[in-house]
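One structure is given here, and the rest of the page talks about it.
The values are calculated or read from the model by the stated rules, or taken from the named source; none is laboratory data. Since the model is a prediction, treat every value here as computed from it, not as a measurement. Please note: Cβ atoms are built from the backbone with ideal geometry, for glycine as well, and neighbour counts cover all protein chains shown.
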Amino acid sequence: MKTNHILRAAVLALALGCFGHAQAIKLGDKGAALHGNVQTDWLFAQDDASIGAGPYDDKVLSNTYASLSFLSKYVDAGARLEFMKWPLPGYEPDFKGWGVPNIYVKGKYKGFELTGGDFYEQFGSGFILRTYEERSLGIDNSIRGGRLKVSAIPGVRLTALGGVQRRYWDWKKNAQVYGADAEVSIEELSKRLADRDVTWTVGASYVLKHEAEQDIDVPGTDFRLNLPQNVGAWDVRSNFRKGAWGVQGEFAWKDQDPSYDNHYTYGRGTAVMLTGTYSRSGMSAQVQAKRSENMSYRIQRSVRGTSAFLNNMPAFAYQHTYPLAALYPYATQNVPGEWAFQGSFAYTFKRKTALGGRYGTKVKVNLSYIRGLNYKDDANPDDYTFGDNSVPTTFFGLGQNYYHDYNIQIEKRLTPDFQFTFMYMNQLYNQTIVEGHGGDIKSNIFVLDGKYKLSKKVTLRAELQYLTTRQDQKDWAYGLVEVSVLPYLMFTVSDMWNCGGKGTHYYMAGVTGNYKSNRLMVSYGRTREGFNCSGGVCRKVPAMRGVQVAYTYSF
């Protein structure tokens, strides 16, 4: 029976992929069109006790998405089918299922837009509201209800919404979210500012979460918590730019919101962020600081893991793509909170200068530094639970070190056909804070990435990486060779070797093909247990071995 379902899912994905054309299907001569997309990922799993892969109850696992949307001048509509009857490893149990969880109709007319059904929304930086889809993390916290957007007045944008939030295959009717947002572009209302090359946007948001009462007993007593049914949150922000300079500030405040995340304590939440930027030809710089405390904001107070969040606190850690640099990724600590600092600087040395050489040289420096909050009178947040007040903190004080990442990247072309990137990174990763065990991991990481153009259609790329540390699993080495045959094929072979620990090899070989709007990737090998992170949210991914197939199509 299971095999029949798998075959049906595969046939559905391929049929939808073969449907349509490389471009959107036009309907009539008034701009209406159909758009579609298919994404299906498969693992044909093999047990491998040496790396902790398996044993698997199901040897064939897959995640499949297929969407279809109709776009026109006045009306948009769409739906998405999801099939995760036997999902890929590492997702939460409630992720399993299948159906059509996303369907919507949108009307548009002269600056007014009304949506009914499932939609995504973000207010400001997402401190109090961010609903989005991130398939690699298993996150889809869309809102099912109604939303009105108004932009009929130049420079003024208004949003009002209400509904229930998706948590996997559940939309609890006893928990609703309501929100409103206003944003004003002052330079659109003032010709004087526009003439002076000034852009200035200010905004304010309000979100209200309503959740029914719930019986949560205080351990060792006959009492139960008096939980608020309504939890509100405010956000104000300003983004000012003149010429090459910019400054952005944002502040958010949340009512008492006892939940599993904060041990059911009754503290209020706050978040403040300040960003400064500078950009001109050949140079850019950015510095940021953020303090957040007790800013876990879920539609369901007793849920844990990565689901049911109404908000998202942006990560202040550089998002690395090199495997060893991303071996210990940082996850934002909403509770108790954190002080986070980030800075980046990029400069291009011009051609035919001492440091630029014949082709110029690009240098990027990135700094991330994250600490915990400082508590008054040696208070310990773990000692406050079930009905206590919030843990007393100092605003400017810094607590224990959570994470730092200092890295420098140099991009250099030596000949018309050869260029390379070198990166050095120094990292501290507090594994106890992020994962709950292990202590501090201090590492140095070196990366050399070279690309050589063999001909107009063939390019060879190679990576060499090394991570050295005395903690956790000790040293790692990584090598990759990639051959691209434009525009259709790419062949890749790689190996991640735990050379300082157990000596385990995580080898992988794959081929990727592209044809028009089709992309097919087939690979075989091992995947190390670790974390997949995006935007400060992380999902633990178990070790895997087997054949992986990924196919996407869009029109």
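Go through the range 52-64 and report how many residues are surrounded by fewer than 20 Cβ atoms within 10 Å (Cβ to Cβ) and either in a strand (DSSP E or B) or not small (G, A, S) (or both).
Looking only at that region, the number is 6.
Confirm whether K412 is out of contact with any Leu (no Cβ under 9 Å at 6 or more places or on another chain) and over 26 Å from T270 (Cβ atoms).
For K412, the condition - out of contact with any Leu (no Cβ under 9 Å at 6 or more places or on another chain) and over 26 Å from T270 (Cβ atoms) - is met.
Collect the residues in the range 201-224 that are crowded, with 16+ Cβ neighbours inside 10 Å and within 19 Å of G387 (Cβ to Cβ), keeping them in residue-number order.
Selection gives E211, I216.
Based on this model, can you work out whether V483 counts as exposed (fewer than 15 other Cβ atoms within 10 Å of the Cβ), modelled with pLDDT of 95 or more and either in contact with a Pro (Cβ under 8 Å, 6 or more places away or on another chain) or more than 28 Å from V365 (Cβ to Cβ) (or both)? Step through it out loud before you land on a result.
Details: exposed (fewer than 15 other Cβ atoms within 10 Å of the Cβ): no; modelled with pLDDT of 95 or more: yes; either in contact with a Pro (Cβ under 8 Å, 6 or more places away or on another chain) or more than 28 Å from V365 (Cβ to Cβ) (or both): yes.
When the stated conditions are applied, V483 does not pass them.
Which of the residues belonging to the range 83-100 are part of a strand (DSSP E or B) and surrounded by fewer than 19 Cβ atoms within 10 Å (Cβ to Cβ)?
If the condition is that a residue be part of a strand (DSSP E or B) and surrounded by fewer than 19 Cβ atoms within 10 Å (Cβ to Cβ), then G97, W98, G99, V100 are the ones that fit.
Given the structure, is N374 surrounded by fewer than 17 Cβ atoms within 10 Å (Cβ to Cβ) and at negative phi?
Working: surrounded by fewer than 17 Cβ atoms within 10 Å (Cβ to Cβ): yes; at negative phi: yes.
Judged against the criteria, N374 is a match.
Looking at Y478, Y506 in this structure, which one is among the aromatic types (F, W, Y), more than 23 Å from S62 (Cα to Cα) and in a strand (DSSP E or B)?
Selected residue: Y478, the only one of Y478, Y506 that is among the aromatic types (F, W, Y), more than 23 Å from S62 (Cα to Cα) and in a strand (DSSP E or B).
Please verify whether the range 389-405 includes one or more residues that are in a loop (DSSP other than H, G, I, E, B) and either over 24 Å from N334 (Cβ atoms) or among the hydroxyl-bearing types (S, T, Y) (or both).
Yes - at least one qualifying residue is present in the range 389-405.
So which residues in the range 28-48 are within 21 Å of G530 (Cα to Cα) and either at pLDDT below 95 or among the charged types (D, E, K, R) (or both)?
D41, D47, D48 - these are the residues of the range 28-48 that are within 21 Å of G530 (Cα to Cα) and either at pLDDT below 95 or among the charged types (D, E, K, R) (or both).
So, in the range 256-290, how many residues would count as being part of a loop (DSSP other than H, G, I, E, B), of a type in the set (D, E, K, R) and surrounded by fewer than 16 Cβ atoms within 10 Å (Cβ to Cβ)? Give the derivation first.
From the range 256-290, those part of a loop (DSSP other than H, G, I, E, B) are 256-268, 281-282; that's our starting set.
Checking the rest, the ones that are also of a type in the set (D, E, K, R) come to 257, 261, 268.
Of the ones still in play, those that are also surrounded by fewer than 16 Cβ atoms within 10 Å (Cβ to Cβ) are 268.
Counting residues in the range 256-290 that are part of a loop (DSSP other than H, G, I, E, B), of a type in the set (D, E, K, R) and surrounded by fewer than 16 Cβ atoms within 10 Å (Cβ to Cβ) gives 1.
Can you tell me which of (1) within 23 Å of G503 (Cβ to Cβ); (2) touching a Phe, Trp or Tyr at 6+ places or on another chain (Cβ under 7 Å) is the one I433 doesn't meet?
So the condition that I433 fails would be (1).
List the residue pairs whose Cβ atoms are under 7 Å apart, where the first residue sits in the range 311-326 and is more than 13 Å from Y424 (Cβ to Cβ) and of a type in the set (A, V, I, L, M, F, W, C), the second is in a loop (DSSP other than H, G, I, E, B) and modelled with pLDDT under 90, and the two are 6 or more positions apart or on different chains.
M313/G536; A315/G535; A315/G536
I'm trying to understand the selection: among the residues of the range 168-200, which are surrounded by fewer than 14 Cβ atoms within 10 Å (Cβ to Cβ) and assigned to a helix (DSSP H, G or I)?
Passing the criteria: K191, R192, D195.
Give K376, K362 a once-over and let me know the one that is within 27 Å of L274 (Cβ to Cβ) and of a type in the set (K, R).
Going through K376, K362 in turn, just one is within 27 Å of L274 (Cβ to Cβ) and of a type in the set (K, R): K376.
Which residues, counting only those in the range 140-151, are of a type in the set (G, A, S), assigned to a loop (DSSP other than H, G, I, E, B) and either within 21 Å of N311 (Cβ to Cβ) or modelled with pLDDT under 95 (or both)?
So in the range 140-151, the residues of a type in the set (G, A, S) come out as 142, 145-146, 151.
Checking which are assigned to a loop (DSSP other than H, G, I, E, B) leaves us with 142, 151.
Within the range 140-151, just S142 meets the criteria.
Only one of (1) modelled with pLDDT of 95 or more; (2) buried (at least 16 other Cβ atoms within 10 Å of the Cβ); (3) touching a Gly at 6+ places or on another chain (Cβ under 6 Å); (4) at negative phi fails for G163. Which number is that?
(4)
The conditions are (1) in contact (Cβ under 8 Å) with a residue 24 or more places away in the chain; (2) out of contact with any Leu (no Cβ under 6 Å at 6 or more places or on another chain); (3) more than 30 Å from R528 (Cβ to Cβ), and Y120 fails exactly one of them. Which is it?
Unmet condition: (1).
Taking the range 310-348 as the search range and keeping residues that are in contact with a Phe, Trp or Tyr (Cβ under 7 Å, 6 or more places away or on another chain) and in a strand (DSSP E or B), which one is surrounded by the fewest Cβ atoms within 10 Å (Cβ to Cβ)?
F341
Find all pairs meeting these conditions: Cβ atoms under 8 angstrom apart; at least six residues apart or on different chains; first residue within the range 526-538 and over 20 Å from A49 (Cα atoms); second residue in a loop (DSSP other than H, G, I, E, B) and β-branched (V, I, T).
Close Cβ pairs satisfying both conditions: G536/T332; V537/T306; V537/T332; C538/T306.
From T432, T492, T512, grab the single residue that is under 26 Å from the mean Cα position of the chain (by Cα), on the phi < 0 side of the Ramachandran plot, not in a strand (DSSP E or B) and not basic (K, R).
That would be T432, the only listed residue that is under 26 Å from the mean Cα position of the chain (by Cα), on the phi < 0 side of the Ramachandran plot, not in a strand (DSSP E or B) and not basic (K, R).
Taking the conditions exactly as written (more than 26 Å from the chain's Cα centre (by Cα), exposed (fewer than 14 other Cβ atoms within 10 Å of the Cβ) and free of Cβ contacts under 8 Å to residues at least 40 places away in the same chain), does K502 satisfy them or not?
Judged against the criteria, K502 is a match.
Name the single residue that is surrounded by the most Cβ atoms within 10 Å (Cβ to Cβ) among those in the range 131-156 being aliphatic (A, V, I, L, M) and within 27 Å of G536 (Cβ to Cβ). Quick ask: steps written out before the conclusion?
First pass over the range 131-156, keeping only residues aliphatic (A, V, I, L, M): 137, 139, 143, 148, 150, 152-153, 156.
Remaining after also requiring within 27 Å of G536 (Cβ to Cβ): 137, 139, 143.
Values: L137: 20, I139: 21, I143: 27.
My answer is I143.
Regarding the range 519-529, can at least one residue be identified that is over 22 Å from V483 (Cβ atoms) and either touching a His at 6+ places or on another chain (Cβ under 8 Å) or not β-branched (V, I, T) (or both)?
Yes, the range 519-529 contains a residue that is over 22 Å from V483 (Cβ atoms) and either touching a His at 6+ places or on another chain (Cβ under 8 Å) or not β-branched (V, I, T) (or both).
Given the conditions (1) of a type outside the set (A, V, I, L, M, F, W, C); (2) in a strand (DSSP E or B); (3) surrounded by fewer than 18 Cβ atoms within 10 Å (Cβ to Cβ), and given that D449 satisfies all but one, which numbered condition is not satisfied?
(3)
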